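Reviewing the structure listed below.
Just so you know, all these numbers are worked out from the coordinates, no wet-lab data involved. Here the structure is a predicted model, which means the values were calculated and not measured. No Cβ is skipped: glycine too gets one built from the backbone with ideal geometry, and neighbour counts run over all protein chains shown.
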Amino acid sequence: MNMQSPKSNKLNNIEAANRLRHGSPQFKAVLRQRCRKQMQERRDKLFNARRIGLDDKDECIENTLTEIVRREFKEWIIEEFNRMHQYEMDMMDKYLEEIMKNELVCPMCEKGTITQLNDFFVCPKCQLSLPAKVTMDDFYQRVKNHSVDHAESCNLKPCFMVIPEQNSYSLYMGCEPCSYFGLIL
Ligand SMILES: [Zn+2]
Ligand SMILES: [Zn+2]
């Protein structure tokens, strides 16, 4: 059994992209909420001031109006930034999909590219050899899905391990600190 099995950099990228994608909407929502609240408070203040006629100086009203415009502009900038950010995230996803298409970096050594040789998935750089129970695409998807699943709740790097089972070998992904354990193949 090989417990020493760091994950590939490409998978790290996927995890990072995933964390960003899942993490940022919350941040955006808070930002928007705060901005709207401030705008609302400003408007209420202006409305009340005019209604009770305490602050009828032109300068004061103008300052408040300028402040409202400034804040509206700020909110517009934030929304623009968020749209841009989303666009960049989509581009990054597409880029990652592209570079990972039909190419699975060996999860055990992170050096070789997994290829199928007869009925086995093998790595030319290390001794990894697994019975090809699924297609190459499925193998790639399983590694990706488990990595994304794990990254949703843990920032640590999981390890891959090959375990002999019933005259065969299986590949697992595990992370001791968060107790993640999943059969990949
Ligand atoms: Zn390898
Ligand atoms: Zn973990």
Over all pairs of different Cα atoms in the stretch 134-179, the reciprocal of the mean inverse distance gives a Kirkwood radius in Å of 11.7 Å
Among 179, 129, which comes first, then next, by fewest other beta-carbon atoms within 10 Å? 179, 129
Segment residue 183-residue 103, length gained on full extension (0.36 nm per residue, minus Cα span): 26.8 nm
Subtract the Cα-Cα distance of residue 79 and residue 149 from 0.36 nm times their separation in residues, and report this length gain in nm to one decimal. 22.3 nm
Arrange 161, 108, 136 by Cβ neighbour counts within 10 Å, fewest through most, would you? 136, 161, 108
Which of 154, 123 has the fewest other C-beta atoms within 10 Å, and how do the rest follow up to the most? 154, 123
Greater than 27 Å apart at Cα, pairs in 74/157; 94/157; 111/133: 74/157
Extension gain residue 169-residue 118, at 0.36 nm per residue separation less the Cα-Cα distance, in nm? 16.8 nm
For the stretch 62-185: span of alpha carbons on each principal axis (Å, largest first): 82, 31, 22
